[in-house]
Amino acid sequence: MKTTTEKAAEALELLPEEMREPAVAYLLEQAERFRVLKKLVAEGMSDVESGRVSEWDFDDFLREARAMRPK
């Protein structure tokens, strides 16, 4: 069975030469977005585990936001 890396390399080889670089750039961009998202989720989970997160009521939040709005 082929690895994902081998399959990706084969797929890139099937593309015309002018499409390979943009395809790789797209994959790298998506990988970076995933890395950042994964880091942010880990930070959020750390906040939850350490008790830095509290429940909040959306309706209460809206009431407070409306009360703070200048008239």
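The values are calculated or read from the model by the stated rules, or taken from the named source; none is laboratory data. Everything quoted here is computed from the prediction, not taken from an experiment. Here Cβ is always computed from backbone atoms with ideal geometry, including for glycine, and neighbour counts include all displayed protein chains. We work out accessible area using only protein heavy atoms, side chains counted, and drop any ligands, DNA or RNA first. Shrake-Rupley method; radii C 1.70, N 1.55, O 1.52, S 1.80 Å.
Points worth noting:
- Checklist (1) surrounded by 10 or more Cβ atoms within 10 Å (Cβ to Cβ); (2) assigned to a helix (DSSP H, G or I) applied to A67, failing item: (1)
- Subset tally (residues that are charged (D, E, K, R), surrounded by 10 or more Cβ atoms within 10 Å (Cβ to Cβ) and not in a helix (DSSP H, G or I)) for segment 1-21: 0
- Residue check for A42: in a helix (DSSP H, G or I), modelled with pLDDT of 95 or more and open to solvent by less than 80 Å² (accessible area, probe 1.4 Å): yes
- E29 meets each of the listed conditions (1) open to solvent by 100 Å² or more (accessible area, probe 1.4 Å); (2) closer than 30 Å to A9 by Cα apart from (1).
- Matching option when the condition is free of Cβ contacts under 8 Å to residues at least 24 places away in the same chain, open to solvent by 80 Å² or more (accessible area, probe 1.4 Å) and in contact with a helix residue (DSSP H, G or I) (Cβ under 8 Å, 6 or more places away or on another chain), among V24, V53: V53
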